[in-house]
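These notes concern the structure reproduced below.
Every number in this text was worked out from the coordinates using simple rules, so none of it is lab data. This one's a predicted model, so the numbers in the text were calculated from it and none came from an experiment. For neighbour counting, all protein chains shown are included, and Cβ atoms are generated from backbone atoms with ideal geometry for every residue, glycine included.
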């Protein structure tokens, strides 16, 4: 049986098994809603471009600040209509950051010197004689007052949010030195997604004439160069490398050489797809390299190749077609697969996976994410792309087998999350990525959680399902090169159930947010957990029915905030109980983490490590939890958490913690220290290196 057939068989049988289990534990309505989300048809969406209408000049104003963060330098030579369209686009959607706009008129012979001084807020500077793009740009840089210089061609139409995306890159990537925009043709096709330079100094506009929605062009990445049509660079760095080099006057290859100079200074050159700019290529200089200004492009390529010969020696040969495999050839490439795109504001498993990908990138890996369910693009896809993850999505993934045939060869490691995804993917990975290390990320041991649910419910059918899950999950453990679990407790269990397997602990990964509000300024109780996870439904129902009445007898005004997406009808109905607030999904959880006094984790069954407990502790919010909820979390009752196993003890613990400020402070401090020690990126770093990046020597990025 071929790998493709095995994949399809496992996918179909797996969907049937999980569908039956979902019907039994969640009911038909929740199962149907999940199926609709999973199988909804996906269509590619064309980019909507903002293009100001061409109209006779009438006075208008552009953004202007006496203390700009960025100085936008626009060199011009004639082409007044293009310049006005560019300025009108900026005026229509001003950036959030304070800016100044400097137009350097390179001795235009049209109406430019008569019209542009009438634009309110514009800093207009006219050169006495025409000197070309390099001279005009360097003059503008000398006049600029901003922390960042942004060079913008006058034949561009910047799209809303373009500048803020460029500047945010410097905030997100401290090593960023030069950042370029995604350039689009006026018809919406891609013009450039960063540039590729070949061994002879020739260059390639990566993605030219492609679709801007193609995942190959949609993520933040290092580029050989970025076109000077729309780039940002720290003012001090531009001065330190000598600005645009007059060696290439009047123009062409100065932007390519600048990128090489920035890298030589120890900074990164990045392509930022979230900064979209329409560029009417050739409007000012034409496209004929045999005559006029464009002729300098041919001559300057030879000059560049001679000057940067040492840097070009390891570049691809001319004529090589750039692919993601080629672009990231100097870094270990890691494929991460999960059923759907992670949504870190919805569930702890997603948060862990996103932070794991972030950690891999810090360790020098290029991370590729593939949703096994062929999910379409969403804001969560865009979030991954902003991290530099090459995030694929439908309709650009025609089928999982065909995608693996095309891309599998480039991966050093493959991480498959959840046992049913890993079972599907194993044959394809072995067939199309034979050199890759296959790592199974259990998320939690599903068979342990299912068995506990069955035992709590006294359901023999669920118990048989749990036994089948155990066989499948242990089969994946046996066939994988390594398995990740989230706790020492689960590693010990696998030592018994899968002796000889290579098992590493990579637990939940959190950033310590800090202590939040002090005791006196906090109020109420909070529970956080997505309700597509059955243990959370059981926990909330038990808490409200059996525990909260005992708490309200002592504190009748106290409110219980229930937060989590997709609450079933029985949870939604709890909103009618006095003091219970059912919020559903909350996009920003921080106000509840920083403002509620006590978090509760009344889980009666489950497995793995509970992200809701980590999340509260990372915000300095003490937790009352059941023994199941703190399993494998290195917590001490009375020092980091309060643990209670029955309804009376749980209510007493909540009341005690809610009223005892000294105890509250001790637990808050203990929880913060616990997260930093056991659930931070640093705590997982060595295990991630051993498991997914063995032998990698790439520098931390």
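Give the percent of DSSP beta bridges with both residues in the chain that are antiparallel, rounded to the nearest 5. Restricted to the chain, the bridges split so that about 20 percent are antiparallel.
The alpha carbon centroids of the range 559-619 and the range 49-68 are separated by 47 Å.
For the chain, what relative contact order do you get, as a whole percent, if you take Cα pairs closer than 8 Å and at least 6 residues apart? After rounding, I find 10 percent. Taking only the Cα atoms of the range 193-265, the ratio Rg/Rh comes out at 0.99, with Rh defined as the Kirkwood radius. For the range 70-315, pairs of C-alpha atoms spaced more than 33 angstrom apart make up 10 percent of the total. Under a no-solvent Debye model with one identical scatterer per Cα of the range 403-556, what's log10 I(q)/I(0) at q = 0.11, 0.16, 0.19, 0.20 Å⁻¹? Log10 of I(q)/I(0), two decimals: -0.63, -1.01, -1.19, -1.24.
For 589, 12, the sequence from fewest to most other C-beta atoms within 10 Å is 12, 589.
The alpha carbons of the range 329-505 stretch over 50, 34, 30 Å along the principal axes, in descending order. Here 13, 469 are placed in order of increasing Cβ neighbour count within 10 Å, fewest first, which gives 13, 469. As a proxy for reagent exposure, 204, 162 were ordered by neighbouring Cβ count within 10 angstrom, fewest first; the result is 204, 162. Solvent-free Debye calculation, one equal scatterer per alpha-carbon of the range 473-514: log10 I(q)/I(0) at 0.23 Å⁻¹ equals -0.71. FRET efficiency for the pair residue 576 and residue 16, taken as 1/(1 + (r/R0)^6) with r the Cβ-Cβ distance and R0 = 45 Å, rounds to 0.75.
The range 452-481 and the range 213-250 have Cα centres lying 54 Å from one another.
For the range 50-176, the normalised intensity computed at q = 0.09, 0.10, 0.13, 0.18 Å⁻¹ comes to -0.23, -0.29, -0.49, -0.94 (log10 of I(q)/I(0), Debye sum over alpha carbons, equal scatterers, no solvent). Pair-distance distribution of the range 551-701: all C-alpha pairs, bin width 10 Å, starting at 0; shares per bin in whole percent are 10, 34, 34, 14, 6, 2, 0.
Between residue 5 and residue 175, the FRET efficiency from the beta-carbon distance, with R0 = 60 Å, is close to 0.85. For the range 118-137 and the range 509-531, what is the separation of their Cα centres, given in Å? A separation of 54 Å, based on Cα centres. Compactness of the range 392-471 was expressed as the Cα radius of gyration divided by 2.2 N^0.38 Å, which yields 1.41.
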